[in-house]
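Undergrad: I'd like to ask you about the structure that follows.
The values are calculated or read from the model by the stated rules, or taken from the named source; none is laboratory data. This one's a predicted model, so the numbers in the text were calculated from it and none came from an experiment. Every residue, glycine as well, gets a Cβ built from its backbone with ideal geometry; the counts of neighbours run over all protein chains shown.
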């Protein structure tokens, strides 16, 4: 009889433990955010893309003009090389080399400026998104909110993706200009 009571208790106690522990797991809210999608679809992200593209095209146009100028100098040098004396020809060749080096330096400078602009705009958006994630996390009782790509996340159910909610909230904040 005593063994029967112990066996029944041994069967009942773990079932209560699993019942209560699974109940606790339902309470823990976890969210996933796709930062790349926020950059591509939010108002602030689209605005940043427009600014980046505008600056990039202006830089590209300037480099293209400088390239055409160098090519014209080369052609002119080739045409006139036969009638120039040696010193004049060497001087013109140096001018072309200087222009080529200036072009390469400008190209490198533009690349650096472009990367800094892009990183600055993305950082500004990311900082605001992090604030909003923290706000939503605290307000709605999330235990954990993970970035989809940065966290090494391979699978998650769409029900825990809060990206659309975050985009909507960010667009509201961006529209108010408190970005």
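Undergrad: Could you please let me know if residue 126 is more than 22 Å from the chain's Cα centre (by Cα), at pLDDT 90 or above and either part of a helix (DSSP H, G or I) or surrounded by 11 or more Cβ atoms within 10 Å (Cβ to Cβ) (or both)?
TA: Against the criterion (more than 22 Å from the chain's Cα centre (by Cα), at pLDDT 90 or above and either part of a helix (DSSP H, G or I) or surrounded by 11 or more Cβ atoms within 10 Å (Cβ to Cβ) (or both)), residue 126 does not qualify.
Undergrad: When the residues of region 141-163 are narrowed to those that are farther than 13 Å from residue 35 by Cα and in contact with a helix residue (DSSP H, G or I) (Cβ under 9 Å, 6 or more places away or on another chain), which ends up surrounded by the most Cβ atoms within 10 Å (Cβ to Cβ)?
TA: So the residue we want is 142.
Undergrad: Another question about this same structure. Looking at the structure I just gave you, is residue 172 free of Cβ contacts under 8 Å to residues at least 24 places away in the same chain and more than 12 Å from residue 38 (Cβ to Cβ)?
TA: When the stated conditions are applied, residue 172 passes them.
Undergrad: Restricting attention to region 89-118, and to residues there that are within 22 Å of the chain's Cα centre (by Cα) and surrounded by 11 or more Cβ atoms within 10 Å (Cβ to Cβ), which single residue is nearest to residue 35 (Cα to Cα)?
TA: The extreme case among them is 118.
Undergrad: Under 9 Å by Cβ, and 6 or more places apart or on different chains, what pairs join a residue from region 100-127 that is without any contact (Cβ under 8 Å) to a residue 24 or more places away in the chain and on the phi > 0 side of the Ramachandran plot with one that is surrounded by 15 or more Cβ atoms within 10 Å (Cβ to Cβ) and in a helix (DSSP H, G or I)?
TA: Listed pairs, sorted by first residue: none to list.
Undergrad: Let me ask you something else. Condition first: within 29 Å of residue 51 (Cα to Cα) and surrounded by 15 or more Cβ atoms within 10 Å (Cβ to Cβ). Can you find one or more residues in region 75-88 that meet it?
TA: Checked against the condition, which is being within 29 Å of residue 51 (Cα to Cα) and surrounded by 15 or more Cβ atoms within 10 Å (Cβ to Cβ), region 75-88 yields no hits at all.
Undergrad: Tell me, yes or no, whether region 99-115 has at least one residue that is in a helix (DSSP H, G or I) and touching a strand residue (DSSP E or B) at 6+ places or on another chain (Cβ under 7 Å).
TA: No - not one qualifying residue is present in region 99-115.
Undergrad: Assess whether residue 132 counts as being within 30 Å of residue 31 (Cβ to Cβ) and outside any helix (DSSP H, G or I).
TA: Taking the combined requirement at face value, the residue does not satisfy it.
Undergrad: Do the conditions hold for residue 63, that is, is it farther than 19 Å from residue 166 by Cα, touching a residue at least 40 places away in the same chain (Cβ under 8 Å) and either more than 17 Å from the chain's Cα centre (by Cα) or surrounded by 12 or more Cβ atoms within 10 Å (Cβ to Cβ) (or both)?
TA: Considered against the rule, which asks whether it is farther than 19 Å from residue 166 by Cα, touching a residue at least 40 places away in the same chain (Cβ under 8 Å) and either more than 17 Å from the chain's Cα centre (by Cα) or surrounded by 12 or more Cβ atoms within 10 Å (Cβ to Cβ) (or both), residue 63 comes out as yes.
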